[in-house]
């Protein structure tokens, strides 16, 4: 590419050309294709909280340039916008798709949270203020909390509103986008967009790290929950097409439904994730909950997902029927020590039983428990901690057959006759659960003693 400037014979320079702006011709292959000024007549002021890509498009449109890309030929770069603008605030957000004008994310909000391909906005706000809010550039801002309408990212002609168009307030078809029709937004989309807008405004105005962290944490939570609700089992990094406002709305509403009914809705999501795993592979936490487990414990997300981790560990302790190894370094210590479902081997040891006896107790409904098949062909059993503790307390009140005979002052033959007539019912024994020792509840024996005293002697 070669550039040629318009020239007049020496000493005959046009005053209008000298006093205003010279024209620069870009010549490609001998054909002149575009004509841009070498100086800008209009250099607007960036407003506080204005999106960077919108500022460039406004500068381009006010100077009748064909595209914001033309600003690069005048020495504009993404890292010197504050110097080029006529004062005002520093524009917010990254710039992409504009060649030399590109710049990375500003204000400590990662680029993946910005809509870099399309521009979305509220037509009513734009008509009232002529101001493109930086929050509209965030991928999870999908509604206007003020007017309670969906944001727009397409013209009525069907074309996407891209940042490479010629004018900020019009589509490439020539229609004024401030006059586009709007649709009512859902309550969930309005609530989530309002939360993001509040956090965004605080981030733009407050240079402290905590303000940016609050916004990023909120966006991270929406990203993770939306990814796993919209596409069960989809990894957080695989969530795509968020530049499309309809796709982003689907994700935001899904995440909003979970956050709006926390933690019950989160527990239901975990139930759905674990339900899709074959029983022989769902004994381990990582296998049962897959990507969501790995995402919330990933490096670099400790602060953003602290709330999710606390609720996840609460779910594991109270509702998950699989085993939790004490050597698990991701889960907290309480997840293993306070897990309500304990392995059958540990439960049998606490009760002084053998494993087959405990499995029979689970099958008989004496203990709540679950039996899971393992890939090796064996089974894994768990029992509910409350039931195990309850049986342990009851066992303190159990007495053997010899103690029953001394209490009732009868022989063992008489006692066995009472057992056959079901007047004396054992809680454990050879014919009950295979135990070698008969045991009875002390309260049942006491009640039987009262009955025998009232009966006439034979």
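No value in this document is a laboratory result; all are computed from the given coordinates. On a predicted model such as this, the values are computed, not experimentally measured, just so you know. Virtual Cβ from ideal backbone geometry, glycine too; neighbours counted across all protein chains shown.
Observations
- Principal-axis analysis of the Cα atoms of the chain puts helix 442-454 at an angle of about 40° to the longest axis.
- Each of the peptides 223-229, 243-249, 377-383 was scored by the mean count of other Cβ atoms within 10 Å over its residues; in descending order, highest first, they stand as 223-229, 243-249, 377-383.
- R0 of 30 Å, Cβ-Cβ distance residue 379-residue 441: FRET efficiency to nearest 0.05: 0.45
- Protection proxy ranking, highest mean first, for peptides 94-103, 41-50: 94-103, 41-50, where packing is the per-residue count of other beta-carbon atoms within 10 Å, averaged.
- Its relative contact order, with pairs defined as Cα atoms under 8 Å and 6+ residues apart, puts the chain at 8 percent.
- Ellipticity estimate at 222 nm from DSSP helix runs (n ≥ 4, -39,500 (n - 2.57)) divided over the chain, nearest 500: -12000 deg cm²/dmol
- Ranked 165, 423, criterion: other C-beta atoms within 10 Å, fewest first: 423, 165
- For 317, 303, 346, the sequence from fewest to most other C-beta atoms within 10 Å is 303, 346, 317.
- Extension gain from residue 354 to residue 407, taking 0.36 nm per residue of separation minus the Cα-Cα distance: 16.2 nm
- Exposure proxy ranking for 293, 191, based on other Cβ atoms within 10 angstrom of each Cβ and starting from the fewest, stands as 191, 293.
- 0 to 90° range, to nearest 10: angle between helix 52-62 axis and the chain longest Cα axis: 20 degrees
- Counting only alpha carbon atoms, the long axis of helix 245-260 and the longest principal axis of the chain meet at about 40°.
- Across all Cα atoms of the chain, the radius of gyration (one decimal) and Dmax (whole number) stand at 36.4, 146 Å.
- Where only alpha carbons of the stretch 300-358 are counted, the Rg and the Dmax (Å): 14.2, 47
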